[in-house]
Structures are given as C-alpha cells and as structure tokens.
Amino acid sequence: MSREATERKESESDTFLLSAIVDSSEDAIISKDLDGIITSWNKSAERLFGYTAEEATGKTVAELLIPDNRQNEEPDILARLRRGERVEHFETVRRRKDGLLLEISLTISPVKDADGRIVGASKIARDISERKRAERAIQSLNAQLTADLAAMTRIQQISIRMMQAGDFPQLLEEILGVACEITQADMGSIQLAENGVPKIAAQRGFGLPFLESFGTIPSAEGPWGMAMQQSERIIVEDVASSPVFAGTPALAEMLGSGALALQSTPLITRGGSALGVLSTYYKVRHRPADRDLRLLDILARLTADLIERKRAEALLARSRETFFELVERAPFGIYVVDANFRIMQMNAGSQNQAFRNVRPIVGHDFGEAMHILWPSEIAEEIITVFRHTLETGEPYFSPRFTKPRKDVPAVESYEWELHRMVLPDGEYGVICYYFDSTELRNAEAALKSANQDLEQFAFSASHDLQEPLRTIKIYSELLAKRHGDALDSEGKKFMDYLCSGATRMETLIRDLLAYSQLSRFEKTGDCADAKKAIEGALSNLATTISETGAKVNLGPLPFVAMGATHLQQLFQNLISNAIKYRSLDRAPVVCITAKRQSGHWVFSITDNGIGIDPEYQETIFGLFKRLHTTDEYAGTGIGLALCRRIVERYGGRIWVESEPGQGSSFRFTLPV
Ligand code: ADP
C-alpha cells in the first residue's frame, strides 16, 4: 500500500475512532461553524434535544435550540469564539424539539484548521436540570429553615420576655407583632373573653372606625366567637365569599378595613378552656401555610400560659392585699422577729398596744425594745421565751407578763402567743400575737372577788339559816302534834302550810349549801367506782323507785377520777330527775351507760320521760331554772346547776339531748 493510501487509511480509522468516542459520550457534543451553523451532532445531542443529526446539521443553533428570551446569548458566544476564547460551564436554558426547556451547562471551545485559523466551535452540552432542581430545592429548604429559625428565635425571645415581669398589654402587643411578622400578616388582633364576649386586648394595623365598631359585633358572630366556642382554629381564605361572614355586619367591617383573609386561633389553657383568640389578617386572599399555623399554635399556647399566669398573679396579689389588710386591721398586735432578733414586720395593732411608748421601728433590735418597754428582769424573761421558741420550734401560749401601771393603781398585762415560722430568706423567725388584756384581767379579777364574796355569803346564809329553820320546823311539828286538835279546820290548813313550807325551805337550803360548797372544795385525785356511786344513789331513791315502778338498767361502768360523794350526788340528781319527769302513760325506764371516747368517759342517763323543748335545753342547767311550777313537780331548780358545777370542776362537760314527749338523754364527760 502506498504511503498516501496508508496515511488515508490511518486518518480514516482515526476519524472513525473519534466519532465512536463522540457518539458514546453522555454529553451532547455539537460542532458549529462561526456563523453558528451546526456541522455535527452526536447521539447524546439527539437524545438530549430530540433532533436527529440529519434534522440538526445545517441549521443554526439559534433557530434550533435557543429560546426567544435568550437569543442574545448566541451572538455573544460567537464573538467570543472568534476571539479564540473558550466558554466554560456556561449555564443556560435550551429548548428541546418537543418545546420543553432544559437547563444545561455549556462548554464551548474554538476549533482551528491546520493553519491555526478559527473555523468553528465544538460545544459540549450537559443536562443540569436535575442538579438545578436539587439546588433549588436545597435553596428553598435553606430559606425555609432560615425563616423557621428566625421565627423560632422570635418566639423564644418573646417567651423569655413573658417570663420577666412585664406590662401585660405591652406583652400582648409584642406577641401579636411576632405573630404578624412570622406569618407575614398585614394586621392582627388578640381578643380576650370577658364574660364570654371576645374583647380586643391588642391590635395591629386596624383603623379606629373598625376598632370602634368591633365591640358592637355580637360574640357568637364572626370567626372570633366561633374559634372560641368551638376551641378550633377558623381560617377564612376569602372574607367576601366565606359563609362565616355571609350576611353579618362584620363582613362590611372586615372589607372596610382591607382584610380579605384571616385566621383565628383560639387561646386554650392547659386545662382546656378558651381564653380568647389570636387572629392574623391578610390584604389578599390567602391561606396561611401549615408551617405558619404550627408557629401560631406555639404562640397561642404561650399566650394562653401568659394570660393564665397573669391572672393567677393578679389573684395572688389581691389575696395578698386582703391578707395584709386582715393582719393590719387585727385588733391585736402581730409582729415578726427574725433569727438575729430584729423586728421584721409589725401590724398597726402592735403600734397601738405594747409598742405605743417606743417609736415602732421595723429593723429595730427586739431585745433593746423590750428593755425600753419592760423592767429588765421581765425583758430578759420575754427574750428567753422568744429564744426558746426560735430554737426549739415549740409554740409558747399565754405567758402573761404584767407590770405596774404608771397612771392607775392596777397592773398592765399582756398576753402572748409565739410560734416559730420560716421567713422568706429561709431562716427561722418568731411570730408573736399579743393583746393588751389589762382591762379584761382587771375585770376578771373584780368578778372573781365579787363571786367569792357572793359564794361566801350564800354559804354563810344557807348555813346560818339552817338553825332557825330547824327550830321553826321542830316547833311547828310539835305544835301540830300536841295542839293540833285544838285548831279549827282553817287553823289546821295553816299548820300544814307552815310544815310543808319549812320542809321545802329545808330542801332549798340543803341544795344551796351543797352548791356553794362545791366552789370551796379542792380536787383530791380520788378515784370512784361509778357502779357503786349509782348503787348508793339508787338506795337513796329506793322509795321513789318502788312507788313509780321505775326500772334502772346499767351498762358496764368504769372507775373515774372523782370524789365518790360528788359522783353519787351527780347520779342521784340525774336519776331522780329521770324518774320525776316521767311520762304519765308509761312506767319510767332509765338506762345508764358509759363509753370511752377520745380521752374521755361519756356517761349517758337516758329516760323515757316527758322530754325537754330544744329551746330550754341549755337554760335548765342554770341556778333556779325550772320549767314547771312546784305544784306540778316538786323541786328547787338547783339539781342540774349542781351537776354542771360538779362535772366542770372535774374538767368535763354536761348537756342534754331530748325531744319533747320522747324522753331525754343527759350526757356528761369526765377525763379518763
Ligand atoms: P328541779 O329541782 O326543778 O328538778 P333541776 O335543776 O334538777 O331542778 O332541773 C331543772 C329543770 O329541768 C326541771 O325543772 C325540769 O323542767 C327539767 N328537767 C330536768 N331533768 C329532766 C328530765 N329528765 N326530763 C325532763 N325534764 C327535766
């Protein structure tokens, strides 16, 4: 083969190899001349742009591939090629045969002939639609994340603001500002329910006319009331056509204010009650994105929390005020001494009482104040009891401190009660309640001495009366016996009156003496058997029992810390009353029981007698208090007064439970 032929052969095989490489490339490879006319078009170019090589070659790139709005690119590219420049990774858009636009990256290199002249260009086009889509997705995701982050930061800032004490309306304005900002709303409002009606608490972007007329919109009307009542968000994408506004005066108001769309999110507490609504308004027809709604939910929750907290704070502040008022107006002194013995707080009552002679200074040393107010040994005693309570936590009741009064010949006395308490700084302090009991104590002392005199008088009188009475009784009886026959019938009647009067007086004096003796006896610590005491009483009452056919039933009975005579006196009075005040239509039945109840014995003497009207159930325990005349029932009215005195002397209590006609139950307690 000639050299030429060999060279031709070699060149042909090179061209073939090259075209095979070009065809197998993933990228579209196109060559064109300097006029932009396509001279070659590989397989990938066919796949990418949809034109076959035959269809493409001979056409210009501009007419075949370049969309109208990018026609200016080609002259520029050709000019650069002519200058021998390479165009690298030029990202642009080209049109496929089927009209679809493709995003591609172009790399265009000038092609030179054997003499080095630029004769055309080779162009590699790569479909970057996928990459661009991914890039755009990332960009939008980024933008979304940035916006979310910004929104969350704002929400976090506002939630921190909410934690700090702040002006409530101002905070609501700020929340609304954030809501409008993160949802790109044009206007906003927060309405809070007042008696079930949503009232504007904060607003943004509305004019005065709307605000004035807003208050007149019935609560059930519009999205605000609906959101609150249903506890659900209401979204109105188009105010004009929404059934929410159809036929309501609110429609004109909304359109007048320029709001074409809105959403209202209810402010629901953690307990589930709707406090109001958070609304955002848009000047275009609009539906907030899900993301915006989620952010609004967070804001609504924060707002509901804030409102609840503010309301709780207001309630607390009010109750604190009430509490202070109570303490301040208390008719006695209250003050607090801290661990360092400084007077911490003091109510007005304190200043009217013991501290009236010193300038009441909060922060003043308590010990010093006491030394100014009291003789020093009492001051020391007071300080000691305060210290004791502070150190041990034991309360201190009714220690009474007295001192001679300067102006009157009486003593000045104060009564105190101390308790340990924890102060706001976590340390212990002592709270002291005290009152000036001077007048009370002086009156008490006067009463006591008057009572003593009276009792002494009653005792002496009844004691001394016994003697002459006995003489009257004996001689009237003798008179009746020896000279009775000499008297006419009227004389005999007078004689009878004399005798029975003397007997009645004897009983009265005996009872009165027993009563007044009770104030003089000293408790001995004796123990008495209740059963024996009752048996003694029953034996004294034997005649009455047999005459009336009374039955007395006894339950198990204890020993009690009491003098036996007193116990028998007590039972005898109660049993004799139970029989005396019997019902006429049945034989008397008396039941006596005792049961142990919280550190006491409770005795019951129950009868089936005439019973006692509730109105008199307390009165009958008074001295000489009777519900019947002596003709109906004999008696002095001293029996129950005596019982009360005995029981109270031994630290117990006596009362009656009764229903008229149904019998009575007298109960008394005695310490175990
Ligand atoms: P009195 O000497 O009149 O019995 P008391 O002090 O013992 O005086 O009783 C006062 C009043 O209480 C009696 O007058 C009687 O009206 C009423 N009373 C006392 N015990 C009973 C009872 N068991 N049932 C009904 N009434 C009673």
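At a probe radius of 1.4 Å, what is the per-residue accessible area of Leu465, in Å² to the nearest 10?
My reading of the accessible area for Leu465 is about 80 Å².
Could you go through segment 447-462 in sequence order and give the Karplus-derived ³J(HN,Hα) for each residue, using 6.51 cos²θ - 1.76 cosθ + 1.60 with θ = phi - 60°, rounded to whole Hz, and x for Gly and Pro?
So the J values, rounded to whole Hz, are 5, 4, 5, 4, 4, 4, 4, 5, 5, 4, 5, 4, 5, 5, 4, 5.
Pairs to check: Lys595/Lys625; Lys97/Lys123; Lys199/Lys310; Lys551/Lys595. Give those whose C-alpha atoms are more than 26 Å from each other in this structure.
Among Lys595/Lys625; Lys97/Lys123; Lys199/Lys310; Lys551/Lys595, the Cα-Cα distance tops 26 Å for Lys595/Lys625.
Taking amide hydrogens as modeled 1.01 Å from N in the peptide plane, which residues meet the under 5 Å criterion relative to Ala201, leaving out close sequence neighbours?
The answer is Ile190, Gln191, Leu192.
Taking the mean number of other Cβ atoms within 10 Å as a proxy for protection, how do you rank 227-237, 139-149 from highest to lowest?
227-237, 139-149
Quick one, what does Rg over Rh come out to for the chain if you take C-alpha atoms and the Kirkwood Rh?
Here the Rg-to-Rh quotient is 1.43.
Using a probe radius of 1.4 Å on heavy atoms only, what accessible surface per residue do you get for segment 58-106? Whole Å² is fine.
Accessible area per residue, segment 58-106: 56 Å².
Calculate one ³J(HN,Hα) per residue across segment 38-53 by plugging θ = phi - 60° into the Karplus curve 6.51 cos²θ - 1.76 cosθ + 1.60, and present them in order as whole Hz with x for glycine and proline.
Each residue of segment 38-53 in turn: 5, 10, 8, 7, 7, 4, 5, 5, 4, 5, 6, 9, x, 8, 6, 4 Hz.
Can you work out the base-10 log of I(q)/I(0) for segment 21-127 at q = 0.14, 0.15, 0.22 1/Å, using the Debye formula on its C-alpha atoms alone?
For the requested q values the scattering log ratios are -0.48, -0.56, -1.26.
Of Arg131, Arg47, Arg291, Arg70, which has the most accessible area with a 1.4 Å probe, and how do the rest follow in descending order?
Result of the area sort, largest leading: Arg47, Arg131, Arg70, Arg291.
Enumerate the aspartates and glutamates that Lys43 could reach by cross-link, defined here as Cα to Cα under 15 Å, with residues fewer than 8 away along the same chain left out.
Qualifying aspartates and glutamates at Cα under 15 Å: Asp23, Glu26, Asp27, Glu54, Glu55, Asp127.
Tell me the volume per residue, in Å³, of the convex hull enclosing the alpha carbons of segment 442-517.
Given the Cα convex hull of segment 442-517, per-residue volume reads 77 Å³.
Toward the positive end of the charge dipole of segment 442-517, about the Cα centre and with charges on Cβ (Lys, Arg +1; Asp, Glu -1), which of Thr471, Asn442, Gly484 goes farthest?
Comparing the listed Cα positions along the dipole, Gly484 ranks first.
Calculate the length of the line joining the C-alpha centroid of segment 64-82 to that of segment 483-545, in whole Å.
Segment 64-82 and segment 483-545 have Cα centres spaced 143 Å from each other.
Suppose a student asked you for the relative contact order of segment 80-189, using Cα pairs under 8 Å spaced at least 6 residues apart; what percent would you report?
Reported relative contact order: 15 percent.
Quick one: how many Å² of Asp464 are accessible to a 1.4 Å probe, rounded to 10?
The accessible area of Asp464 comes to roughly 100 Å².
Can you work out ³J(HN,Hα) from phi for every residue in segment 167-173, in order, using Karplus 6.51 cos²θ - 1.76 cosθ + 1.60 and θ = phi - 60°, giving whole Hz and x for Gly and Pro?
Once rounded to whole Hz, the list reads 5, 4, x, 4, 5, 4, 4.
In a shell of Cβ-Cβ distance under 11 Å around Thr384, excluding Thr384 itself, what net charge do Lys and Arg (+1) and Asp and Glu (-1) give?
Net charge in that neighbourhood comes out at -3.
Give the angle, between 0 and 90 degrees and rounded to the nearest 10, that separates the Cα long axis of helix 376-392 from the longest principal axis of the Cα atoms of the chain.
Roughly 50 degrees between the two axes.
So how tilted is helix 73-82 from the main axis of the chain? Cα-based, degrees 0 to 90, rounded to 10.
50 degrees
Taking segment 504-556, which GluC sites (Glu not before Pro) meet the DSSP loop condition and have no more than 10 other C-beta atoms within 10 Å?
Taking segment 504-556 and a limit of 10 other Cβ atoms within 10 Å, the loop GluC sites (Glu not before Pro) found are Glu522.
Mind pulling the angle between the C-alpha long axis of helix 489-517 and the longest principal axis of the chain? Nearest 10 degrees, somewhere in 0 to 90.
It is inclined by approximately 50 degrees.
Counting Lys and Arg as +1 and Asp and Glu as -1, each charge on the Cβ, what is the dipole of segment 21-127 about the Cα centre in debye, to the nearest 20?
So the magnitude is around 140 debye.
Using +1 at the Cβ of each Lys and Arg and -1 at the Cβ of each Asp and Glu in the chain, identify which of Ser257, Thr92, Val385 lies farthest towards the dipole's positive end.
Val385
Could you pull the accessible area for Glu455 with a 1.4 Å probe, rounded to 10 Å²?
For Glu455, solvent-accessible area is about 50 Å².
Quote the relative contact order of segment 524-671 in percent (integer), defining contacts as alpha-carbon pairs under 8 Å separated by 6+ residues.
Relative contact order for segment 524-671 comes out at 23 percent.
Rounding to the nearest 20 debye, state how big the charge dipole of segment 130-175 is about its Cα centre with +1 on each Lys and Arg Cβ and -1 on each Asp and Glu Cβ.
380 debye
Could you please state how large a percent of the accessible area of the chain is carbon and sulfur, counting protein chains only and using a 1.4 Å probe?
Looking at the chain in its full context, I get 54 percent from C and S.
Let's see if you can work this out: charge +1 on each Lys and Arg Cβ, -1 on each Asp and Glu Cβ, no other charges. What is the dipole magnitude of the chain about its Cα centre, in debye to the nearest 20?
1440 debye
Starting from the amide H of Lys283, placed 1.01 Å from N in the peptide plane, find each other amide H under 5 Å away whose residue is 5 or more places distant or on another chain.
Under 5 Å from the amide H of Lys283 lie the amide H atoms of Asp186, Leu260, each far enough along the sequence or on another chain.
Excluding Arg204 itself, what net charge comes from residues whose Cβ is under 11 Å from its Cβ, given Lys and Arg +1 and Asp and Glu -1?
-4
Got the relative contact order for segment 21-127 handy, in percent, Cα pairs under 8 Å and 6 or more residues apart?
Relative contact order of segment 21-127: 28 percent.
The values are calculated or read from the model by the stated rules, or taken from the named source; none is laboratory data. What you are looking at is a predicted structure, and each value in this text was computed from that prediction instead of being measured. Here Cβ is always computed from backbone atoms with ideal geometry, including for glycine, and neighbour counts include all displayed protein chains. For accessibility, only protein heavy atoms count, side chains too; no ligands or nucleic acids. Shrake-Rupley method; radii C 1.70, N 1.55, O 1.52, S 1.80 Å.
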